Amino acid sequence: MPQLKMIRAMCEALDEELRRDERVCLFGQDVGEFGGVFGTSARLQAKHGPRRVFDTPLSEAAILGTAVGAAMSGLRPVAEIMYIDFITVGIDPLVNQAAKLRYMSGGQMTLPMVVFTQCGAGTSEAAQHSQCLEAWFAHVPGLKVVMPATVYDAKGLLKAAIRDDNPVIYIWPKLLYDLKGEVPEEEYVVPLGEAVVRRDGADLTVVATSLMVHRALAAAEALSDEIGIEVIDPRTLVPLDIETILASVRKTGRLLVVHEANTRFGIGAEIIRQVVERAFDQLTCAPVVLGGAGVPMPFTRVLENACMPQEQDIIAAARKMLKC
Amino acid sequence: MPQLKMIRAMCEALDEELRRDERVCLFGQDVGEFGGVFGTSARLQAKHGPRRVFDTPLSEAAILGTAVGAAMSGLRPVAEIMYIDFITVGIDPLVNQAAKLRYMSGGQMTLPMVVFTQCGAGTSEAAQHSQCLEAWFAHVPGLKVVMPATVYDAKGLLKAAIRDDNPVIYIWPKLLYDLKGEVPEEEYVVPLGEAVVRRDGADLTVVATSLMVHRALAAAEALSDEIGIEVIDPRTLVPLDIETILASVRKTGRLLVVHEANTRFGIGAEIIRQVVERAFDQLTCAPVVLGGAGVPMPFTRVLENACMPQEQDIIAAARKMLKC
Amino acid sequence: MIDVPRETLIQFLRTMYLIRGFELKMLMLFQRRALAGDFLGALHSYEGQEAVAAGVGACLRKDDYQFSTHRGHGHAIAKGLDLNKMVAEMFGKETGCSRGRGGSMHLFDVSIGQMGGNGIVGGGLPLALGTAYSALYRNTDQVTVCYFGDGAASQGSFHESLNMAALNKYPIVYVCENNHYAATTHVSKNCPIENIADRAAGYGIPGAVVQGNDVLAVYRAASEAVARARAGQGPTLLECKTYRHRAHCMVIPEHRPEEEREAWLARDPINLFVAKLREENVMTQDDLNRLAAEVEQALVDAVKFADASPFPDPQMLSVDFWAN
Amino acid sequence: MIDVPRETLIQFLRTMYLIRGFELKMLMLFQRRALAGDFLGALHSYEGQEAVAAGVGACLRKDDYQFSTHRGHGHAIAKGLDLNKMVAEMFGKETGCSRGRGGSMHLFDVSIGQMGGNGIVGGGLPLALGTAYSALYRNTDQVTVCYFGDGAASQGSFHESLNMAALNKYPIVYVCENNHYAATTHVSKNCPIENIADRAAGYGIPGAVVQGNDVLAVYRAASEAVARARAGQGPTLLECKTYRHRAHCMVIPEHRPEEEREAWLARDPINLFVAKLREENVMTQDDLNRLAAEVEQALVDAVKFADASPFPDPQMLSVDFWAN
Ligand SMILES: Cc1ncc(C[n+]2csc(CCOP(=O)(O)OP(=O)(O)O)c2C)c(N)n1
Ligand SMILES: Cc1ncc(C[n+]2csc(CCOP(=O)(O)OP(=O)(O)O)c2C)c(N)n1
Ligand SMILES: [Mg+2]
Ligand SMILES: [Mg+2]
């Protein structure tokens, strides 16, 4: 299978969906002529024309509003928000409009739209360019939340998101921008709502999202002689495939959730809520969330690293859990 | 002690703090001349002058930005956002600026500011006027989150919020607008970060926030012959007084969290996360969150009621938990 | 007057009668129900502004899009929303245009291009970009009308939207209904210049101040703006100077200067137009009476229909929530 | 020229030399470190725009407030930020002006009114309202300068801020640096009219187009605007037409037309000003050389200081995070 970088895989997904469905369109800052500051829309304007792929002014509310209105009237827009941090200046059309319009109208419309954005720290860009805000969107009824971790999924989930008839926020991990992975030549989609077991293990279930999937896998590998760690990547938070997680926890009796966002009031807490509600008696010890340190992301590398869960932190947490 | 309505108690808190500290000021839509659409700033402009209490245009980002800049330069602003739902059009100054400025500047400044707003459903105002968004703010490092449930606390917590040197979002429950309660003549504050046990009980701990405190108390009363329910009101979510909750759970072995917001990815999950992490072995059954139904709030009363936890739902949940 | 066909003139009056009658009925019914504790949410009366919706609505095709506001009953009627469905929605019935989920602020009928009201002031402005883009994309000549108030003109979304619409020559007619107040706040506290329409120059698009209580003046200005939009010449900003007869909403007391109110009541759009029709012998007193009676009957029938309709079934709370 | 004191003229040049020297050094060092895998975040060069910061900065008092942007090195230098602290911040050191927590986009020094850069485009605009309000409130005559780009002028915050500032006659000087690009997007895709300054009319405030590469022109326009603000006459919008010499940031490739770049490089603000100084015999070539050498030495010293400084201690990650 060909090896692609994550950004190329996403670009292919956009290209294929633009080709497949005349209603799909793509816009945002610098996505047209330049092809996206991360290159995720490279040459797409040249291929599909400026009617379907275009640059917008620096107006996040207008960008998301355009997507909502377009979805209300028959298109299937993909709107890029360059960093998820910037959605704060235009969040209303997504959370107060798109998420609610179908319900408020008594089901009169579908809102097939994708907000295409990225998240995370590790690039020394400090507090306003490093956030993980998935918990906000997962809490808003009416939005689907997608977080790919691999190149394969980045492509397959993006295609599924574009084909979904509901508003979806698709958040890729910026630190994996360059990650290479195998992508089949033939077309495929990765359905929303299906977690994947990335590694089998009998002793501890680690649910990890986005960038943390890789750190969890590395930790599992490092501990392979010591602890059998099962690593699960939920891939989408809404819908959340809790059954796959439950099946694993019922086997291992132990649950560690790892995510980059602030531990407190984060998505890990919800996974724990659902697991204890349904598998309390199968747990041999207290489930734990390992997340970000809960300060605004510092600029300097040494603090930034301390703020994000590292492989060593996962190893330490896993060892500690195995002691009880 | 005099009986006051909740809105009067908050108005008194604002009045007293304006009198007490020359740096305190208050602004927002319709708060000046008119005295606030809920009457929470009635006559305050007349008393303290338009320099300190004033109307703003319909510009939430500018309102919150004014608060941030004023706090950066020596004032202690209180900025009103009429409904928490409307913060979506101006959230950046709060979450990307106020919450991060102290940290990003290496501790050079304090940001003593209060966002004064209200939340909740029950008034048939539908999906864009009924939300509970506390989970968003609790997840953002650098913000304190206050949710009063009683008239006494509404006043005391507001005063504490104004005296705090950090950005605070203070969210009162709109359905309790008219609630009467006793308020001492003498001055008092309710410190941030201290939960209160509203009712003792040995069988089940119910942690309830905001409006739900009252429904939990009613349910506890209704069940008093059957189940001993301890009702805890955390009063502030950041900081969260987990010790008081833990002490209760260690006694009862059972935890039910009740809040109005969508159950999924809500603040109840975080309370459960912290409790299971520290008191797993003391739990006799799986802790549960009872929250909103997770659809945009419907307009019509019959659906709105079905969307919000009711006394009967709490009773049912409590009974179910006592069976295991 | 002479250049407008008689049927159109009668249509104007009919629409204005309907709106006025609708508002009076709702006010009466809502007050009665509110007293009975059967609260039906906010009620923002359009009384006094009828000429705007009647004049603009008459220029639109059924397949043109319309974004309305919190004060949107008049807009919906003028776009042709079925009265039965509309009253039923106000009452929260399953037969309502939004199946009781939306209520007064969220009147939807996608089949006639009524893309909803909005509870977020300025919330419709970004969405209008999307239907306009979509119309160009699909190569139709559909026009989008976007209503908003004098208060909404202070929102960031006003700027982002007009800017993007101008850049892309989107077929949008922006109708600013300057009724001189945003809730209790006079327009002079929202806008530092005399005419909001003058802001059109900042986007290089035409702007016009219109006598909003003169239905013919509105009709002429809107016809021109709609024609421009349809011909691919881009957006127009119309500012219709008008006045609402009632307080901001049912629960907020009146607060405006008596002389000001009287001056505007003397310029009641219906009275002005009726006088003109009589003067120019377009309609006799008999014609007028017949029209009024016909309208009254339609309203009585609609209230009957709504009263007889069932409330939604709470079991259906989450049904149809997601598309697919 | 004659009317500006010689020391001021030399100050202009010194500031411009410092900025240019700073940018060149940082670019070199960052490129070297990036190659070494020691990535230090984004780097937005101010090269080419020096005349703006130099001219504006010279009009300000130490206690005036300044809000900067992502491209803010020049603003900070012109406001008098200590070079050692500044370079140390760029390197993420504990001795940096933001103690290594902020980095290039977040240069703070409250003691000289440097209220930080901003990672959110347009993010500083609402905050500037607050320091301006605060200055009026405390009855000082402090002025607030708010920098932003041509791209930022499309943000809703631009509109909300200018509108509120105009309404309240806030002492603010808005400096729009129109360098003709927002990232890779030409200003014509952000703004449908020729001059952003013309939007001042929409708020009833003065607006002026300034030759941004002519430090004297900037100084004159800014002096007038600062004087107006200080005298209580309200805000002014200055649009300085200029050009950045480098690509948007270090990691984004150059993309602008070659002829355009050459035309602007021929109008290098330093060359233009040096030519004038020589022409009018304000400085000899020797004077110039001495100044350049002095500036170079200061920069070399600052880099040494920064290099020798320690990184923050990761144990201190959360210390001082909350005030109190
Ligand atoms: C973003 C937002 N802020 C505040 C409100 C509360 N609110 C509802 S209507 C209104 C006044 C709107 O004034 P205007 O735009 O002039 O419309 P009008 O009511 O006069 O028709 C306000 C402040 C809201 N719904 N949304
Ligand atoms: C709200 C927001 N949207 C997008 C970005 C990404 N971004 C950073 S700088 C920039 C261009 C800004 O252009 P302009 O305002 O002209 O400033 P310049 O870079 O030219 O100085 C963009 C799009 C951001 N940081 N914040
Ligand atoms: Mg109005
Ligand atoms: Mg620029």
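Candidates in segment B:77-109 are the residues that are touching an Asp or Glu at 6+ places or on another chain (Cβ under 7 Å) and not in a helix (DSSP H, G or I); of these, the one that is farthest from ligand 2 (Cβ to nearest atom) is B:GLY107.
Pairs meeting the criteria (first residue in segment C:235-251 and within 17 Å of C:ILE19 (Cβ to Cβ), second residue of a type in the set (Ser, Thr, Tyr), beta carbons under 6 Å, at least 6 apart or on different chains) are C:ARG246/C:SER45. Within segment B:97-111, the set of residues being buried (at least 24 other Cβ atoms within 10 Å of the Cβ) and closer than 26 Å to B:VAL31 by Cβ comprises B:GLN97, B:ALA98, B:ALA99, B:LEU101, B:LEU111.
Can you pull out every residue in segment C:154-205 that is more than 11 Å from ligand 3 (Cβ to nearest atom) and away from chain D (no Cβ under 11 Å)? Steps first, answer last, please.
Looking only at segment C:154-205, we keep the residues that are more than 11 Å from ligand 3 (Cβ to nearest atom), and these are C:155-175, C:188-189, C:192-195, C:197-205.
Result: C:TYR170, C:PRO171, C:ILE172, C:VAL173, C:TYR174, C:VAL175.
The set of residues in segment C:193-229 that are farther than 20 Å from C:TYR65 by Cβ, β-branched (Val, Ile, Thr) and assigned to a helix (DSSP H, G or I) comprises C:ILE196, C:VAL215.
Quick one: how many residues across segment C:302-324 are farther than 26 Å from C:LEU18 by Cβ and either of a type outside the set (Ser, Thr, Tyr) or buried (at least 18 other Cβ atoms within 10 Å of the Cβ) (or both)? Give the derivation first.
First pass over segment C:302-324, keeping only residues farther than 26 Å from C:LEU18 by Cβ: C:312-324.
After this cut, where a residue has to be either of a type outside the set (Ser, Thr, Tyr) or buried (at least 18 other Cβ atoms within 10 Å of the Cβ) (or both) as well, the list is C:312-317, C:319-324.
Counting residues in segment C:302-324 that are farther than 26 Å from C:LEU18 by Cβ and either of a type outside the set (Ser, Thr, Tyr) or buried (at least 18 other Cβ atoms within 10 Å of the Cβ) (or both) gives 12.
The residue list C:SER98, C:SER111 contains one member that is crowded, with 24+ Cβ neighbours inside 10 Å and at negative phi, which is C:SER98.
May I ask you to verify whether A:GLU304 is under 21 Å from B:PRO141 (Cα atoms) and either assigned to a loop (DSSP other than H, G, I, E, B) or more than 8 Å from every other protein chain (Cβ to nearest Cβ) (or both)? Yes, satisfied. Being out of contact with any strand residue (DSSP E or B) (no Cβ under 6 Å at 6 or more places or on another chain) and within 22 Å of C:SER45 (Cα to Cα) is a condition met by at least one residue of segment C:274-282. Contact annotation: residue pairs with Cβ atoms under 7 Å, 6 or more positions apart or on different chains, pairing a residue in segment A:13-33 that is within 13 Å of another protein chain (Cβ to nearest Cβ) with a partner that is more than 16 Å from ligand 2 (Cβ to nearest atom) and of a type in the set (Ser, Thr, Tyr), are A:CYS25/C:TYR137.
Among the residues of segment D:46-69, the one identified as surrounded by fewer than 24 Cβ atoms within 10 Å (Cβ to Cβ) and closer than 27 Å to A:PHE86 by Cα is D:GLU47.
With respect to B:PRO287, determine if the residue is within 7 Å of chain A (Cβ to nearest Cβ) and either among the aliphatic types (A, V, I, L, M) or more than 19 Å from B:CYS132 (Cα to Cα) (or both).
Values: within 7 Å of chain A (Cβ to nearest Cβ): yes; either among the aliphatic types (A, V, I, L, M) or more than 19 Å from B:CYS132 (Cα to Cα) (or both): yes.
Against the criterion (within 7 Å of chain A (Cβ to nearest Cβ) and either among the aliphatic types (A, V, I, L, M) or more than 19 Å from B:CYS132 (Cα to Cα) (or both)), B:PRO287 qualifies.
Name, by its number, the condition in (1) away from ligand 2 (no atom under 16 Å from the Cβ); (2) within 19 Å of the chain's Cα centre (by Cα); (3) within 22 Å of D:GLY212 (Cβ to Cβ) that does not hold for D:LEU129. D:LEU129 satisfies all of (1) away from ligand 2 (no atom under 16 Å from the Cβ); (2) within 19 Å of the chain's Cα centre (by Cα); (3) within 22 Å of D:GLY212 (Cβ to Cβ) except (3).
If you go through segment A:283-299 one residue at a time, do you hit one that is in a helix (DSSP H, G or I) and either of a type in the set (D, E, K, R) or within 17 Å of A:ILE232 (Cβ to Cβ) (or both)? There is no residue in segment A:283-299 that is in a helix (DSSP H, G or I) and either of a type in the set (D, E, K, R) or within 17 Å of A:ILE232 (Cβ to Cβ) (or both). Restricted to helices (runs of 4 or more DSSP H) entirely inside segment A:126-228, those with at least 1 residues that are among the aromatic types (Phe, Trp, Tyr) and either away from chain D (no Cβ under 14 Å) or more than 29 Å from D:PHE39 (Cα to Cα) (or both) are A:134-139, A:151-163.
Among the residues of segment A:102-122, which ones are within 7 Å of chain C (Cβ to nearest Cβ) and aliphatic (A, V, I, L, M)? If you could, list the steps in order and put the result at the bottom.
As a first pass, look at segment A:102-122 and keep what is within 7 Å of chain C (Cβ to nearest Cβ): A:102-110.
Correct list: A:MET104, A:MET109.
Name the pairs whose Cβ atoms lie under 7 Å apart, with the first residue in segment D:165-178 and free of Cβ contacts under 8 Å to residues at least 24 places away in the same chain, the second away from ligand 4 (no atom under 16 Å from the Cβ) and of a type outside the set (Phe, Trp, Tyr), and 6 or more positions between them or separate chains? The qualifying pairs are D:LEU167/B:PRO57; D:LEU167/C:LYS189; D:LEU167/C:PRO192.
Does A:PRO112 fit the bill of being in contact with a Lys or Arg (Cβ under 6 Å, 6 or more places away or on another chain) and not in a helix (DSSP H, G or I)? Please lay out each step first, then the result.
Numbers: in contact with a Lys or Arg (Cβ under 6 Å, 6 or more places away or on another chain): yes; not in a helix (DSSP H, G or I): yes.
Taking the combined requirement at face value, the residue satisfies it.
Taking the criterion of being touching a Phe, Trp or Tyr at 6+ places or on another chain (Cβ under 8 Å) and more than 16 Å from ligand 2 (Cβ to nearest atom), the residues of segment D:55-88 that qualify are D:GLY55, D:ALA58, D:CYS59, D:LEU83, D:ASN84, D:MET86, D:VAL87, D:ALA88. Confirm whether D:THR131 is of a type in the set (Ser, Thr, Tyr), at the interface with chain B (Cβ under 7 Å from one of its Cβ atoms), surrounded by 24 or more Cβ atoms within 10 Å (Cβ to Cβ) and over 24 Å from C:GLU194 (Cα atoms). It is true that D:THR131 is of a type in the set (Ser, Thr, Tyr), at the interface with chain B (Cβ under 7 Å from one of its Cβ atoms), surrounded by 24 or more Cβ atoms within 10 Å (Cβ to Cβ) and over 24 Å from C:GLU194 (Cα atoms). Within segment D:186-201, can one find any residue that is within 16 Å of ligand 4 (Cβ to nearest atom) and more than 19 Å from C:ASN163 (Cβ to Cβ)? No: zero hits.
Go over the candidates B:THR88, B:THR56, B:THR66 one by one and state the one that is within 11 Å of ligand 1 (Cβ to nearest atom) and at the interface with chain D (Cβ under 8 Å from one of its Cβ atoms).
Details: B:THR88 fails: at the interface with chain D (Cβ under 8 Å from one of its Cβ atoms); B:THR66 fails: within 11 Å of ligand 1 (Cβ to nearest atom).
Answer to the check: B:THR56.
Residues checked against (1) more than 18 Å from the chain's Cα centre (by Cα); (2) within 16 Å of ligand 1 (Cβ to nearest atom); (3) of a type in the set (D, E, K, R):
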site	(1), (2), (3)
D:GLY96	yes, no, no
D:GLN114	no, no, no
D:LEU125	no, no, no
D:ASP141	yes, no, yes
D:PHE148	no, no, no
D:PHE158	no, no, no
D:ASN163	yes, yes, no
D:TYR170	yes, no, no
D:GLY207	yes, no, no
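Comparison of B:ASP233, B:ASP281, B:ASP225 shows that the only residue that is under 28 Å from A:ALA261 (Cα atoms), modelled with pLDDT of 95 or more, among the charged types (D, E, K, R) and surrounded by fewer than 18 Cβ atoms within 10 Å (Cβ to Cβ) is B:ASP281.
The values are calculated or read from the model by the stated rules, or taken from the named source; none is laboratory data. Given the structure is predicted, the values throughout are model-derived calculations rather than measurements. All Cβ positions, even for glycine, are placed from backbone atoms using ideal geometry, and neighbour counts span all protein chains on display.
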